[in-house]
Structure formats: structure tokens, C-alpha cells
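Participant: Below you will find the structure I want to go over with you.
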């Protein structure tokens, strides 16, 4: 009986699993956000955010600006954000599970999705530079470069 050879474990597999776990954490956070938006869709989101952020040690001008923006959101906009949150959460779930299982297709999928979203991140940074925006953009750039180099090197090894 012929036994299929086990795929060899690569030294850098731990990094793929870490990226997968990062994607899964983002998926869960977006799922929670989507559920919260659906749950609070009839409420004034500004008032809800004010209650949640009351004890947070955040800069007051930023918190106040966020609360005003949330208060002015229409129910249609809230619904659109909720749907987008669920869709993106599902994509991140697929990416994360595939990467944790060390599937090559997941690496290609992650490269495609991450690369397609970078222009939006750059646009947001152009509009307003924030610490969180810079950290997220740099992390996504690092993941993208790492995966492209890994896929390129794997392609060279299989050629």
C-alpha cells in the first residue's frame, strides 16, 4: 500500500500560524462589532459609546468627536457597517483557519486581500495620521512582504 509523503514542516511555519491567529483575532473582533451594531441599531450609537467609554483613559477631544460622529449615523449607515463587518469577518476567518492549517491557498488569499485593502489604509493615513492607523498599516505591509517573499522562495524551490 502506498502512503502519501507527509508535507515537510518548514522552519517558518510558526510565522504563518501567528499570522493566522492574528487574522482570527481580527475576525472575532469584527464579528463582535457586527453583533453590537445589530443589537444597538435602534439606539443612539453616540449615547451607547459614551456609556462604554465613560471610564476609558482616552483623549477627550477624540472621544467627543467619535461620540458626535456615532450620534449622527443613520440606521442605513449602521446596517451597512454591520454587513461589512460580517463579510470581512468571514473573509478573515477563512484566511485565519487556512493559515493556521498551513494551507498554501490561504497564503495566496491573504496576499490578495491584504494587497487590495492597502490603498484604503494609505488613503486613511493621508487624510489623518493616527498611531493605530500607522501600526495597522505597517503590520499589514510586513505580513504582505513576508508572504510574497515566502511564496516567491517556495516557487523557486519547486521550479
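Participant: Kindly rank 123-131, 15-23, 81-89 from highest to lowest mean number of other beta carbons found within 10 Å of each residue.
Facilitator: Values: 123-131: 9.9, 15-23: 18.6, 81-89: 16.6.
Ranking the peptides 123-131, 15-23, 81-89 by packing returns 15-23, 81-89, 123-131.
Participant: Continuing with the same structure: Taking 0.36 nm per residue of separation and subtracting the Cα-Cα distance, what length does fully extending residue 51 through residue 126 add?
Facilitator: On the way: separation 75, 0.36 × 75 = 27.00 nm, distance 3.09 nm.
Residue separation times 0.36 nm, minus the Cα-Cα distance, leaves 23.9 nm.
Participant: Can you list the equivalent-ellipsoid semi-axes of segment 104-159, largest first and in whole Å, using the square root of 5 times each Cα gyration tensor eigenvalue?
Facilitator: On the way: eigenvalues 149, 20, 11 Å².
After diagonalising the Cα gyration tensor, the semi-axes are 27, 10, 8 Å.
Participant: With each pseudo-label sitting 7 Å past Cα toward Cβ, what's the residue 90-residue 13 distance in nm, one decimal?
Facilitator: Distance between the two pseudo-spin positions: 3.1 nm.
Participant: Same structure, new question: Taking 25 Å as R0, compute the FRET efficiency from the Cβ-Cβ separation of residue 116 and residue 28 and round it to 0.05.
Facilitator: 0.70
Participant: Using only the Cα atoms of segment 15-159, construct the convex hull and provide its projected area averaged over every direction, in square nanometres to one decimal.
Facilitator: On the way: hull surface 39.4 nm².
Here the figure is 9.8 nm², rounded to one decimal.
Every number here is computed from the coordinates shown, using simple stated rules; none is lab data. In this text the structure is predicted, and so the values were computed from the model without any measurement. As a convention, Cβ positions derive from the backbone with ideal geometry for all residues, glycine included, and neighbour counts pool all protein chains shown.
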